[in-house]
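A.B. asks: This structure is in structure tokens; I'll ask about it shortly.
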There are 2 protein chains.
Amino acid sequence: MTGIFDSGVGGLSAMKAARAMMPRCDIVYLGDTARVPYGTRSNAQIKKYIAEDIAFLEKSGADAVLIACATASSVYISEKMQFDIPVTEVITPSALLAAAATKNGRVGIIGTTATVENRAFENKLRQISDKIVTTAVPCPLFVPLVENGLTDESDPVPNEIARRYLAPFITFGCDTLILGCTHFPLLSGVISKQLPGVTLINSGEAGASALFRALSRKSRSGSGSIRYCVSDAPDKFSVTASRILGEKIEAEEVEIGR
Amino acid sequence: MTGIFDSGVGGLSAMKAARAMMPRCDIVYLGDTARVPYGTRSNAQIKKYIAEDIAFLEKSGADAVLIACATASSVYISEKMQFDIPVTEVITPSALLAAAATKNGRVGIIGTTATVENRAFENKLRQISDKIVTTAVPCPLFVPLVENGLTDESDPVPNEIARRYLAPFITFGCDTLILGCTHFPLLSGVISKQLPGVTLINSGEAGASALFRALSRKSRSGSGSIRYCVSDAPDKFSVTASRILGEKIEAEEVEIGR
């Protein structure tokens with residue numbers, strides 16, 4: 001059994017990828033909706049939340065955990081956090097994929113303001129190769145666009161917002177862009193329209209691959225059950241998650257860190 | 001001395017109005033940024049937050065408190081919460097103003113999804129007059145637009161989003177619209193462009209008037225000091241608040257409910 005957590009629905013992109021890779025693995029998904037969004041909190045607060053989220057997943061039977069949230073992943077790395085079970089995150093595998101994908105050595109990064117400010121993807125890329133040049137742009141309106149379902153390629157609103165955010169990458173001339181927030185793959189169509197020919201790195205998928213490698217064959221072989229747990233307002237989560245997953249799910253409320 | 005609180009920066013519209021009405025009143029403003037946004041939480045959580053926020057303000061010396069957040073105001077009313085000091089909210093005074101302003105008896109309401117779902121403004125209007133007909137529309141993208149500074153009347157993005165949200169009010173034919181979220185007055189220009197001739201009720205201003213009436217003359221006569229307290233990430237709050245207020249402010253971090 002494995003655990004996957006995010007502050008809300010963003011990590012569902014990673015969960016979808018994990019389920020496709022390991023259809024028989026039992027999964028507990030935790031959305032820490034009582035404390036969403038993590039991106040505006042201080043590192044000290046986020047560190048406390050990560051410890052409490054992982055403690056819950058471990059108690060629920062997880063053999064390994066994926067932090068399916070770039071903000072939490074960056075805090076996990078910068079604070080050098082340690083746990084009893086294997087913990088994977090979305091930054092390292094995304095940076096490795098981007099470094100392998102780029103041909104011209106120019107990699108763009110988009111994320112929440114917190115993720116761009118803490119430079120986690122850039123630092124990791126620099127560790128991997130000193131030949132890669134990066135530019136990072138915060139896209140704070142992408143998360144509310146996804147949460148409110150404004151993701152259609154033909155809709156002028158997400159297109160105009162994407163045009164403004166992504167213009168620097170045209171000047172920069174990157175051939176690879178890291179979608180450094182697990183919400184962003186839902187805007188892939190809109191993003192590709194602005195940056196045709198650029199390889200998009202889905203950080204949720206990258207994180208799911210890292211999780212796959214962290215799990216033993218035994219841990220991956222279960223009944224393929226999925227439990228959706230949230231720390232507040234399960235009905236609201238169920239509605240948004242059902243829309244994102246394209247299937248009806250029902251979340252249960254759990255106590256985190258109390 | 002008085003206390004004003006919101007989950008974040010939204011309540012600053014009420015604080016600005018309170019300062020204009022009572023320039024010598026000492027004010028403690030609390031932004032509960034560790035737990036923003038309230039609009040997505042359950043009533044039980046919000047009730048706990050309100051009690052903790054008011055306890056902090058009372059301890060800081062406030063003689064009366066304004067709940068400058070429509071979501072928290074609606075929970076305060078529906079849960080019939082009681083405190084040792086006078087507590088005012090934004091819903092009752094907004095509904096009274098709207099009832100006085102409307103000539104055709106048709107009042108529109110916009111707010112966050114939580115505020116529209118709990119029908120607090122409608123219930124209050126119905127208590128005031130059974131002749132008023134209402135329509136309410138949730139505008140979930142307005143808060144992120146304000147938080148990210150996309151409030152310009154000439155910007156196609158807020159205009160297009162406002163056009164979609166506000167179209168039902170043209171059909172409905174209201175002459176008065178309650179801006180049922182303390183963030184929304186910052187989008188007044190954009191909203192008026194879609195609904196020319198409609199009277200906009202600023203719930204922050206309405207709340208400030210109610211606070212004025214709840215305070216004794218002595219409580220209103222101080223040195224005109226303002227203290228900005230937040231429960232997390234004071235730097236981020238200071239940047240956004242300075243932009244909204246048009247003057248440089250510095251927030252201090254405080255512990256709430258721990």
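The values are calculated or read from the model by the stated rules, or taken from the named source; none is laboratory data. Keep in mind that this is a model prediction, so the values were computed, not measured. We place every Cβ from the backbone using ideal geometry, glycine too, and count neighbours over all the protein chains shown. The accessibility values were calculated without ligands, DNA or RNA, using every heavy atom of the protein model including side chains. Shrake-Rupley method; radii C 1.70, N 1.55, O 1.52, S 1.80 Å.
A.B. asks: Consider B:Gln127 carefully, then state whether it is out of contact with any Cys (no Cβ under 7 Å at 6 or more places or on another chain), in the same structural domain as B:Lys47 (by TED's automatic domain parsing) and among the polar types (S, T, N, Q).
C.D. replies: No; evaluated as a whole, the condition is false for this residue.
A.B. asks: Also, quick follow-up: For region A:201-242, give me the residue count where each residue is away from every other protein chain (no Cβ under 14 Å) and either assigned to a helix (DSSP H, G or I) or hydrophobic (A, V, I, L, M, F, W, C) (or both).
C.D. replies: 21
A.B. asks: Restricting to region B:11-53, give me the number of residues that are in contact with a strand residue (DSSP E or B) (Cβ under 9 Å, 6 or more places away or on another chain) and not aromatic (Phe, Trp, Tyr).
C.D. replies: Residues in region B:11-53 being in contact with a strand residue (DSSP E or B) (Cβ under 9 Å, 6 or more places away or on another chain) and not aromatic (Phe, Trp, Tyr): 23 in total.
A.B. asks: Further, regarding this structure: Name the residue that is nearest to the other protein chains (Cβ to nearest Cβ), counting only residues in region A:1-16 that are more than 19 Å from A:Glu58 (Cβ to Cβ) and crowded, with 24+ Cβ neighbours inside 10 Å.
C.D. replies: Here the answer is A:Gly8.
A.B. asks: Suppose we keep only residues that are within 28 Å of B:Phe5 (Cβ to Cβ), assigned to a helix (DSSP H, G or I) and open to solvent by 20 Å² or more (accessible area, probe 1.4 Å) within region B:171-200. Which one would you say is nearest to the other protein chains (Cβ to nearest Cβ)?
C.D. replies: Per the criteria, the residue is B:Leu186.
Conditions (1) in a helix (DSSP H, G or I); (2) surrounded by 20 or more Cβ atoms within 10 Å (Cβ to Cβ); (3) facing chain A (nearest Cβ under 10 Å), marked per residue:
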| position | (1), (2), (3) |
| --- | --- |
| B:Leu125 | yes, yes, no |
| B:Thr135 | no, no, no |
| B:Val143 | yes, yes, yes |
| B:Val146 | yes, yes, no |
| B:Asp152 | no, no, no |
| B:Arg164 | yes, no, yes |
| B:Phe169 | yes, yes, no |
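A.B. asks: Which is surrounded by 24 or more Cβ atoms within 10 Å (Cβ to Cβ), among the charged types (D, E, K, R) and away from chain A (no Cβ under 14 Å), of B:Glu79, B:Glu89?
C.D. replies: Exactly one of B:Glu79, B:Glu89 is surrounded by 24 or more Cβ atoms within 10 Å (Cβ to Cβ), among the charged types (D, E, K, R) and away from chain A (no Cβ under 14 Å), namely B:Glu89.
A.B. asks: Only one of A:Asp84, A:Asp63, A:Asp6 is in contact (Cβ under 8 Å) with a residue 24 or more places away in the chain and under 16 Å from the mean Cα position of the chain (by Cα); which?
C.D. replies: Testing whether each residue is in contact (Cβ under 8 Å) with a residue 24 or more places away in the chain and under 16 Å from the mean Cα position of the chain (by Cα) leaves just A:Asp6.
A.B. asks: Being surrounded by fewer than 22 Cβ atoms within 10 Å (Cβ to Cβ) and within 14 Å of another protein chain (Cβ to nearest Cβ) narrows it down to one of A:Glu58, A:Glu117, so name that one.
C.D. replies: Only one candidate qualifies: A:Glu117.
A.B. asks: Also, I was wondering about something else. Give me the pairs: first residue in region B:137-150 and of a type outside the set (A, V, I, L, M), second residue surrounded by 22 or more Cβ atoms within 10 Å (Cβ to Cβ) and not in a helix (DSSP H, G or I), beta-carbon distance under 6 Å, and six or more apart or on different chains, which are they?
C.D. replies: Matching pairs, first to second residue: B:Cys139/B:Ile110; B:Pro144/A:Leu141; B:Asn148/A:Leu141.
A.B. asks: Quickly run through region B:29-48 and pick out the residues that are modelled with pLDDT of 95 or more and surrounded by 24 or more Cβ atoms within 10 Å (Cβ to Cβ).
C.D. replies: Answer for region B:29-48, where residues must be modelled with pLDDT of 95 or more and surrounded by 24 or more Cβ atoms within 10 Å (Cβ to Cβ): B:Tyr29, B:Leu30, B:Gly31, B:Asp32.
A.B. asks: State whether one or more residues within region B:69-76 are surrounded by 20 or more Cβ atoms within 10 Å (Cβ to Cβ) and over 14 Å from B:Tyr38 (Cβ atoms).
C.D. replies: No, every residue in region B:69-76 fails to be surrounded by 20 or more Cβ atoms within 10 Å (Cβ to Cβ) and over 14 Å from B:Tyr38 (Cβ atoms).
A.B. asks: Still on this model: When you scan region A:1-96 for helices (runs of 4 or more DSSP H) that lie fully inside it, which ones turn up with 2 or more residues that are touching a helix residue (DSSP H, G or I) at 6+ places or on another chain (Cβ under 6 Å) and either on the phi > 0 side of the Ramachandran plot or of a type in the set (S, T, N, Q) (or both)?
C.D. replies: Per the criteria, A:70-78.
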